[in-house]
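K.L.:
This is the structure I want to talk about, given as structure tokens.
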Amino acid sequence: MSDKSQIYQHRLERLTNAVELKHGDRVPIHSLIDNWALFNYPTTLKDARTNLDLEYAAYSKATTEAYFDTISFPGITMPLNFMNSLGGGIYSDEMETIQIETGLSEIMLPEEYPKLIANPRSFFVNEILPRKHKIFQSGTMEEKYQKLAHSLSFLFKYFHDRGVLVDRFKTEQGLPVIEAIAPFAAGDLLLDSLRDFSGSINDIKRKPKEFAEACMAITEQFTIPTTFAALVQPTNDKYLHMFLHLPPFIRAKDFEKVYWPSFKKYIETFAQKGYKFAILFEKNWSHLYDYLQELPAGCILGFFEEDDLKVVKAKLSKNMCIAGGISTNDLTYKSPQECIDVAKKIIDEVAPGGGFVFSTDKVLLGKNDANKECLIAVNEFVHEYGVYK
Amino acid sequence: MLDLKRITELVGELEEEQLLEVLADFTKASPSADEAATVVQACQEGMTIIGDRFSEGEYFIGDLVFGGELLTNTIKVLKPFLGESDSTISGKILLGTVAGDLHDIGKNIFRGMAEAAGFEVVDIGIDAPIQAFVDMAKEVEPQIIGMSGVLTLALDAMKDTTKALKAAGIDSKIIIGGNPVTQEACEDIGADAFTTNAAQGVKICQGWV
């Protein structure tokens, strides 16, 4: 076994122990670095997305300057060339970050729930795609298929390139990249891609039963089979990486009705088969801990953004491995020593007993998300200090 | 006789169906402009309840958004009866999401609550260039300028915009709002106040006029 291969296995074992709620040798340090790597290198989104070596150079620079045991992303996280080839959609990459412009994703009408519930796949293919992408809006069926085939070549190249990047991180750095795929929870799919924020909120208030039924139909008929097709077998270095958007914005009683049943079903379906999850619980989830306590134990790496990690650990440590610890605000505005003080306090309070992974509170996107010197200092400190005796 | 307290409660409880029934009965009797204005006032008081419940942690952002929707629909129903009556303006706010940021949910929530509190809001939209803030501030002379943003890249744009506004001699109070704003960011940017809570932001603005 090569040195890098041994390092890879050792780092992976460190993470696996934490996620399975066992005691490891150290607190694992995990990277949520995304577009920040491009500012740090420095290069641009436009250049990096057309030059795989440059993309690797930028992302690997960021994740080797500071110490990490594992990372979420090997490079740019959206197939931008594919999406642009479809003739646009809801994403914009004009700002050197990838953003959904509010208002562009209200593609479905509120009265279309029955159609969606009856057959989500057919509804997406026949109703939504033509509204969303220009290549489906004109020409004969044959011409549309030709344009789609051309676009898919960009998608296949994107997936191929992700594989190349993941392999380079493994063989050149001994660094596990854990995101296998990033499935949407059904409630977030409705929010991000079909009804937008205001539309989703209005539906949750006015037609909660239909919203909930749509979430379950999407989960059972679309998301579950798609996930099985994309990741046939579970392995310890491949996580289903989810980013949960909607729940922090709604009350617990609304969450229980519209979001929770289908989300729980998705998690339980894959947990039973041995899959692992990395889940970003965005913003604050303190009103929803009672629900999260019902999730299966030992398979979830849960990143918390605005919650008090000490409270999260007390409430959820029997279910999931807690991840977080340093905010982008601290990494930007505090001194390296002040950041180290924050990290020490978190480790003293949350790491004992295992089941903890140190990371930033958010995905690092813009250049203001971290001062590099602080990130390097903090991770070096955690690597040395976060030892289980 | 119309129960204004009930209307305030229905808005505060986000009971859209019942509210629309009450309003339908009210408008059947062809109310005067003054009567319609008192109903708008009762709805605005309901928005204050929503804001207070949000600040207390009982309501969430979704409730604020739906409250804004209720108020907009209520005013649509009442508009034919409102006439051109002079409503009291608390103050004028120039509002926008700063350059490089395409998000508008937080900005729109703040706008809805500020309007409900009696402010006139001039909204210059998302991804608003520095010069757009400066030009519009010269034109409308707001007491307050609100800058919104979701991404941390918005912090740079807020700083540059604040600098340009001050360089142009504009002395409006500046409030920044959104996910990335903090005390440290506020000081660095040179704004007068910051908030991550729209209801709180409106209260800060009320304290300035």
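The values are calculated or read from the model by the stated rules, or taken from the named source; none is laboratory data. From a predicted model like this one, the values you see are computed outputs, not experimental measurements. A quick note on method: Cβ atoms are made from the backbone with ideal geometry, for glycine too, and the neighbour counts reach across all protein chains shown. Calculation scope for accessible area: heavy atoms of the full protein, side chains included, ligands and nucleic acids excluded. Shrake-Rupley method; radii C 1.70, N 1.55, O 1.52, S 1.80 Å.
K.L.:
Select, from A:363, A:357, the only residue that is β-branched (Val, Ile, Thr), more than 14 Å from chain B (Cβ to nearest Cβ) and either open to solvent by 20 Å² or more (accessible area, probe 1.4 Å) or within 20 Å of residue A:278 (Cα to Cα) (or both). Break it down into steps so the answer makes sense when it comes.
P.N.:
Values: A:363 fails: more than 14 Å from chain B (Cβ to nearest Cβ).
Criteria check complete, one pass: A:357.
K.L.:
Condition check: crowded, with 18+ Cβ neighbours inside 10 Å and among the aromatic types (Phe, Trp, Tyr). Does residue A:333 satisfy that? Show your work before the answer.
P.N.:
Values: crowded, with 18+ Cβ neighbours inside 10 Å: yes; among the aromatic types (Phe, Trp, Tyr): yes.
The answer is yes for residue A:333.
K.L.:
Is one or more of the residues making up the stretch B:11-33 in contact (Cβ under 8 Å) with a residue 60 or more places away in the chain and under 19 Å from the mean Cα position of the chain (by Cα)?
P.N.:
Yes, the stretch B:11-33 contains a residue that is in contact (Cβ under 8 Å) with a residue 60 or more places away in the chain and under 19 Å from the mean Cα position of the chain (by Cα).
K.L.:
Could you check how many residues of the stretch B:131-156 are touching a strand residue (DSSP E or B) at 6+ places or on another chain (Cβ under 8 Å), at pLDDT 95 or above and of a type in the set (A, V, I, L, M, F, W, C)?
P.N.:
Total meeting the criteria: 8.
K.L.:
I'm checking my understanding of the structure. Among residues of the stretch A:213-226 that are buried (at least 19 other Cβ atoms within 10 Å of the Cβ) and in contact with a Phe, Trp or Tyr (Cβ under 7 Å, 6 or more places away or on another chain), which one is nearest to the other protein chains (Cβ to nearest Cβ)?
P.N.:
In this case the residue turns out to be A:215.
K.L.:
Looking only at the stretch B:161-191, how many residues end up being farther than 19 Å from residue A:329 by Cα and open to solvent by 20 Å² or more (accessible area, probe 1.4 Å)?
P.N.:
So in the stretch B:161-191, the residues farther than 19 Å from residue A:329 by Cα come out as B:161-174.
Going one step further and asking which of them are open to solvent by 20 Å² or more (accessible area, probe 1.4 Å), we end up with B:163-164, B:166-171, B:173.
Looking only at that region, the number is 9.
K.L.:
Right, next: Looking at the stretch A:192-239, which of its residues are touching a helix residue (DSSP H, G or I) at 6+ places or on another chain (Cβ under 8 Å) and assigned to a loop (DSSP other than H, G, I, E, B)?
P.N.:
Once the filter is applied, which keeps residues that are touching a helix residue (DSSP H, G or I) at 6+ places or on another chain (Cβ under 8 Å) and assigned to a loop (DSSP other than H, G, I, E, B), the stretch A:192-239 yields A:207, A:234, A:236, A:237.
K.L.:
Within the group B:61, B:105, B:126, B:75, which residue is surrounded by 18 or more Cβ atoms within 10 Å (Cβ to Cβ) and farther than 20 Å from residue B:199 by Cα?
P.N.:
Only one candidate passes the filter, namely B:126.
K.L.:
Among the residues of the stretch B:164-173, which ones are part of a helix (DSSP H, G or I) and either over 22 Å from the mean Cα position of the chain (by Cα) or within 14 Å of another protein chain (Cβ to nearest Cβ) (or both)?
P.N.:
The answer is B:164, B:166, B:167.
K.L.:
Residue by residue through the stretch A:366-377, note down the ones that are open to solvent by less than 20 Å² (accessible area, probe 1.4 Å), in a helix (DSSP H, G or I) and more than 16 Å from residue A:71 (Cα to Cα). Break it down stepwise before answering.
P.N.:
Pass one, the stretch A:366-377, residues open to solvent by less than 20 Å² (accessible area, probe 1.4 Å): A:366, A:369-370, A:374-375.
From what is left, the residues that are in a helix (DSSP H, G or I) are A:369, A:374-375.
Within the stretch A:366-377, A:369, A:374 meet the criteria.
K.L.:
Out of the residues in the stretch B:25-43 that are open to solvent by 50 Å² or more (accessible area, probe 1.4 Å) and either touching a strand residue (DSSP E or B) at 6+ places or on another chain (Cβ under 8 Å) or part of a loop (DSSP other than H, G, I, E, B) (or both), which is nearest to the other protein chains (Cβ to nearest Cβ)?
P.N.:
B:29
K.L.:
Quick one: how many residues across the stretch B:156-184 are within 16 Å of residue B:145 (Cβ to Cβ) and in contact (Cβ under 8 Å) with a residue 12 or more places away in the chain?
P.N.:
20
K.L.:
Another question about this same structure. Filter the stretch B:129-160 down to the residues that are within 11 Å of chain A (Cβ to nearest Cβ) and open to solvent by 60 Å² or more (accessible area, probe 1.4 Å) and list them by number.
P.N.:
Listed by number, the list holds a single entry, B:159.
K.L.:
Looking at A:256, A:210, which is the one that is over 21 Å from residue A:286 (Cβ atoms), at pLDDT 95 or above, away from chain B (no Cβ under 11 Å) and open to solvent by 50 Å² or more (accessible area, probe 1.4 Å)? Explain how you work it out, then say what you get.
P.N.:
Details: A:256 fails: over 21 Å from residue A:286 (Cβ atoms).
Being over 21 Å from residue A:286 (Cβ atoms), at pLDDT 95 or above, away from chain B (no Cβ under 11 Å) and open to solvent by 50 Å² or more (accessible area, probe 1.4 Å) holds for just one of A:256, A:210, which is A:210.
K.L.:
Another question, then. Any idea how many residues of the stretch A:267-297 are open to solvent by less than 10 Å² (accessible area, probe 1.4 Å) and assigned to a helix (DSSP H, G or I)?
P.N.:
Residues in the stretch A:267-297 being open to solvent by less than 10 Å² (accessible area, probe 1.4 Å) and assigned to a helix (DSSP H, G or I): 4 in total.
K.L.:
Quick check: is even one residue across the stretch A:340-358 assigned to a loop (DSSP other than H, G, I, E, B), of a type in the set (D, E, K, R) and free of Cβ contacts under 8 Å to residues at least 24 places away in the same chain?
P.N.:
No, the conditions are met nowhere in the stretch A:340-358.
K.L.:
Separate question: In the list A:272, A:293, A:233, which residue meets the criterion of being over 19 Å from the mean Cα position of the chain (by Cα) and under 21 Å from residue A:176 (Cα atoms)?
P.N.:
Answer to the selection: A:233.
K.L.:
Of all residues in the stretch A:227-252, which are in contact (Cβ under 8 Å) with a residue 40 or more places away in the chain, basic (Lys, Arg) and either within 14 Å of chain B (Cβ to nearest Cβ) or open to solvent by less than 50 Å² (accessible area, probe 1.4 Å) (or both)?
P.N.:
None - no residue of the stretch A:227-252 is in contact (Cβ under 8 Å) with a residue 40 or more places away in the chain, basic (Lys, Arg) and either within 14 Å of chain B (Cβ to nearest Cβ) or open to solvent by less than 50 Å² (accessible area, probe 1.4 Å) (or both), so the list stays empty.
Table: residues versus (1) farther than 30 Å from residue A:13 by Cα; (2) without any contact (Cβ under 8 Å) to a residue 24 or more places away in the chain; (3) acidic (Asp, Glu).
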position: A:151; (1), (2), (3): yes, no, no
position: A:156; (1), (2), (3): yes, yes, no
position: A:162; (1), (2), (3): no, no, no
position: A:167; (1), (2), (3): no, yes, yes
position: A:174; (1), (2), (3): no, no, no
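K.L.:
Restricting to the stretch B:195-209, name every residue that is buried (at least 24 other Cβ atoms within 10 Å of the Cβ) and within 14 Å of chain A (Cβ to nearest Cβ).
P.N.:
Answer for the stretch B:195-209, where residues must be buried (at least 24 other Cβ atoms within 10 Å of the Cβ) and within 14 Å of chain A (Cβ to nearest Cβ): just B:198.
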